[in-house]
Amino acid sequence: MMGLMAREETRTVETRTAMSPTERGTAATASTAETTPGAGRTRAWATRLVVVGIVLSALNLRPAITSLGALLEEVRDGLGMSGSAAGLLTSVPPLCFAVFGITAPRLARRFGPAAVVCAGMVAITTGLLIRPYLGSTAGFLAASALALMGIAVSNVLMPVIVKRWFPDRVGSMTGLYSMALALGTSLAAAVTVPLTGALGGGWRSGLAVWAALAGAAVLPWLPLLRDRGPDTAPARPGQRQRQRAAEGPRAEAQQAGAAASRAPLRITRSRTAWALAVFFGLQATAAYVTMGWMPQIFRDAGVPAGTAGVLLAVTMVMGVPLAFVIPRVATRLPHQGPIVLVLGVCGLAGYAGLYFAPAAGAWAWALLLGVSNCAFPLALTMVGMRARSGPGVAQLSAFAQSTGYLISIPGPLLVGVLYQRSGGWGLPIALMASLMLPQMAVGFLAGRDRTVEEEASAR
């Protein structure tokens, strides 16, 4: 796979002819650098490092959450954690994603996206390593927030890095990143308990061991710490004059386009940005409800506890192959709305099955909801497609994810309240099915072939 990606770099110039003027301006620095002796080999190795960094980082964006879910009962007993504190702990991830994710574009402009992601991986490593040993609920929450802060900024900047390094392969690289994220999610959920047993049965070591994977994700970004992206990379002495002399007015126009792309967008003026944010929030609501409550739905229907856990794993694993396929298909379509509708219909069918025959068709409902949850990689792909430039993607990613995660916070709590008040799963499932309808509507709007730069400047 690495060799294939390196060979595809040679086709970048051909692809740039189809780019907008802003995108060509964004790629100008990279093109100029490749004309110097040895720069091609250097860039090829840097590209390989970025691919490894993307994969390892994506693997670490969910184990902090799903490994804790597997051992939550043991953590509560070990720390004397109250039920309300445990409920707060389950609501912390989307809150941190919303609060800290909005800071990612500003940090990326100042330090570069690679440096910020590297710092995010350090924060994840530190938080996962220390949180089991702080000895109090407050300390555990604080260390969890540190890890989630690293996840939040990395969540936002992954699409930015894909757009910056692979502008002609947004679909395939987003698919690779999404597949690794889904793999990390399901892996932590599946192996944390047996891994804890292998390490002696202590929940502290079972949680802390995931810091090793996060530490490995720091390494590929270290050689890239000085990379600021082509929009902000400083020119060497005399380079700008030589480039203008060699390329003439066209180079100046490209540089002007790149400079214009750095100006912050009034992102809230874009209807597409709002549609994408609401779509992101509703799909996140469905995902958190699935992860938090689906096993209990099956257990209450008479499915054995072990089988209910396997059914959740099946739902999560569906995201591994589909997260690679869906973004590749999405980038080849002018309108991603049809994919949104297909995923929504699968979700409606899955909820209908849970409502009418949860135990009889449990495997089918798990598969259908697993397909529906692949709205997440589709949302990430649309973030990369709905903005022309790297800075535009950064702003759109921060806005859509932060707003979306804020929208998702009440969902799992409301499902729990409805379940407790009604004494069954009829009302919660009906709520989730009803939320699928606006998710399909706003997703269809977000899939239209337009960019946030066009909409922000048109008003």
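The values are calculated or read from the model by the stated rules, or taken from the named source; none is laboratory data. Because the structure is a prediction, the values reported are computed rather than measured. Here the Cβ positions follow ideal geometry from the backbone for every residue, glycine too, while neighbour counts run over all protein chains shown. These accessible areas exclude ligands, DNA and RNA; they are computed on the full protein's heavy atoms, side chains included. Shrake-Rupley method; radii C 1.70, N 1.55, O 1.52, S 1.80 Å.
When Rg is the radius of gyration of the Cα atoms in the stretch 335-428 and Rh is its Kirkwood radius, what does Rg/Rh come to? Here the Rg-to-Rh quotient is 1.08.
Evaluating 6.51 cos²θ - 1.76 cosθ + 1.60 at θ = phi - 60° for every residue in the stretch 156-161, the Karplus couplings come out as 6, 8, 4, x, 5, 5 Hz, glycine and proline recorded as x.
Counting only protein heavy atoms, what percent of the accessible surface of the stretch 379-430 is carbon or sulfur at a 1.4 Å probe?
It is 66 percent, rounded to a whole number.
Excluding ligands, DNA and RNA, the accessible surface per residue across the stretch 39-135 is 41 Å² with a 1.4 Å probe.
Just the protein heavy atoms count here, and of the accessible area of the stretch 311-367 at 1.4 Å, carbon and sulfur take up 81 percent. Under 5 Å between amide hydrogens, built in the peptide plane, is the criterion, and for residue 388 it picks out 452, 453 among residues at least 5 positions away or on other chains.
Across all directions, the average flat footprint of the convex hull enclosing the Cα atoms of the stretch 42-123 is 6.8 nm².
Summary of packing: across the peptides 155-164, 432-441, 190-199, 397-406, the per-residue average of other C-beta atoms within 10 Å ranks them, highest first, as 155-164, 397-406, 432-441, 190-199.
Please grab the % of Cα pairs in the stretch 266-415 that end up more than 26 Å from each other.
On the way: 3218 of 11175 pairs.
The proportion of pairs with Cα distances above 26 Å equals 29 percent.
Provide Rg over Rh for the stretch 317-358; use the alpha carbon set for both Rg and the Kirkwood Rh (inverse mean inverse pair distance). Show your work: numbers first, answer last.
Values: Rg = 12.8 Å, Rh = 11.7 Å.
Taking Rh as the inverse mean 1/r over Cα pairs, Rg/Rh reads 1.10.
Sorting the segments 105-113, 59-67 by their mean number of nearby beta carbons within 10 angstrom, highest to lowest, gives 59-67, 105-113.
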